[in-house]
Amino acid sequence: MNKITRPGVIPEGQEPWQWADPVWRSIVGKVRAGRSLKPAAWPGGARCAVALSFDSDHETGTLREGQTSPGRLSQGQFGNRQGVPRIRRLLDRHGIKASFFVPAVVALLYPDEQRDHVEAGHEVGIHGWIHELNSQLPYEAERDLMLRAADTLERIAGKRPVGLRTPSWDFSPHTLAICREMGLLYDSSLMADDDPYELLEDGEPTGLVELPVEWIKDDAPYLNMQRFAAIRPYTPPSGVLEIFKAEFDGAWDEGGLYVLTMHPHIIGHRSRMYLLEALIEHMKAKGPVWFATHAEVAAYCKAQAGL
């Protein structure tokens with residue numbers, strides 16, 4: 001396991017149990033949840049907000065590990081060939097706009113896919129350069145890759161991205177500072193709440209909106225498959241649907257936000273698309289729901305809070 005590297009914060013050679021109070025307090029306080037940005041009401045009298053998101057990792061899940069296996073690369077290519085088209089047809093049938101978080105390398109491989117998203121009114125957000133792990137990068141490299149990723153997405157999709165989802169939700173001690181420098185509207189990588197909140201950096205309010213995620217509301221832990229690893233599907237689509245519906249019902253009861261993270265190469269298979277459609281139908285049958293992109297949710301919450 002990689003240790004946190006923050007020069008000047010962690011005394012060299014010390015174990016965590018040896019840290020003085022200011023050391024662990026500094027680590028815990030670097031990036032923190034601030035005030036709740038859950039609005040008093042959602043647009044159009046909706047009971048809750050639903051933000052569907054798709055992390056279009058495609059081949060970068062393999063490339064980021066330095067792997068060259070045509071088998072694993074083909075598993076990622078499925079996301080472009082079948083996953084995204086099926087997802088887009090489903091969203092079109094239900095009149096739903098969603099957010100697609102795209103590594104820059106994927107955008108370079110499939111530029112038309114990203115242009116089509118934007119032309120159809122969907123959002124394309126930052127998802128790293130090659131799905132790298134930020135916590136393994138020095139500050140300079142992380143900053144360079146984030147800036148280049150944003151520039152690449154803007155050049156290809158024709159619209160500057162306003163939000164970030166870090167690859168594998170790997171948010172480093174430097175990520176927030178880079179987000180602030182870039183003037184981003186929101187992040188969607190952290191897990192301190194169910195509902196939107198303002199991010200704090202070293203105790204300072206940043207004005208940056210966090211749209212929290214959770215592994216419970218992600219298709220990968222249940223349905224992903226890596227042949228030579230311990231990652232194996234263990235939950236049938238019907239079981240995943242039950243969990244996703246229960247999480248939505250909780251958001252509905254509390255009048256909150258429901259963020260669902262999916263991956264085209266995982267959710268885009270035939271049996272699993274039935275799962276997603278059944279979930280959307282359940283949401284619509286419940287009553288008034290605001291289906292929105294992450295950018296729309298973040299902008300609304302920020303405006304309602306007067307930020």
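What follows is calculated from the coordinates using simple rules that are stated; it is not laboratory data. This one's a predicted model, so the numbers in the text were calculated from it and none came from an experiment. Ideal geometry is used to build each Cβ from the backbone, glycine not excepted, and the neighbour counts take in all protein chains shown.
Which value, in debye to the nearest 20, gives the size of the charge dipole of segment 215-291 about its Cα centre, when Lys and Arg are +1 and Asp and Glu are -1 at the Cβ?
It works out to roughly 380 debye.
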Cut-off under 5 Å, modelled amide H: who pairs with F291 long-range: V50
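Please work out whether segment 1-104 counts as rounded, prolate or oblate from its C-alpha gyration tensor, where a ≥ b ≥ c are the square roots of the eigenvalues and a/c under 1.5 means rounded, while otherwise a/b larger than b/c means prolate and anything else oblate? Present the calculation step by step, with values, prior to reporting the outcome.
Numbers: a/c = 5.08, a/b = 1.35, b/c = 3.76.
Oblate, since a/c reaches 1.5 and b/c is not below a/b.
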Cα lying deepest toward the dipole's positive end in segment 33-304, options Q77, L52, T62, charges on Cβ: Q77
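Roughly how big is the chain's charge dipole about its Cα centre, with Cβ charges of +1 (Lys, Arg) and -1 (Asp, Glu), in debye to the nearest 20?
It works out to roughly 780 debye.
State whether segment 42-83 is rounded, prolate or oblate according to the following rule on the C-alpha gyration tensor (a ≥ b ≥ c being the square roots of its eigenvalues): a/c under 1.5 gives rounded; otherwise a/b larger than b/c gives prolate, and the remaining case gives oblate. Walk me through the intermediate numbers first.
Values: a/c = 6.99, a/b = 3.19, b/c = 2.19.
Note, shape of segment 42-83 comes out prolate.
Counting pairs on different chains as well as pairs 8 or more places apart, how many Lys pairs in the chain have Cα atoms under 14 Å apart? Numbers along the way, then the final one.
Numbers: K38/K302; K217/K245; K245/K284; K245/K286.
Close lysine pairs under the 14 Å cut-off: 4.
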Inter-centroid distance (Cα atoms) of segment 165-238 relative to segment 90-148, Å: 14
Förster-model FRET efficiency, 25 Å R0, M191 and I27, C-beta, rounded to 0.05: 0.90
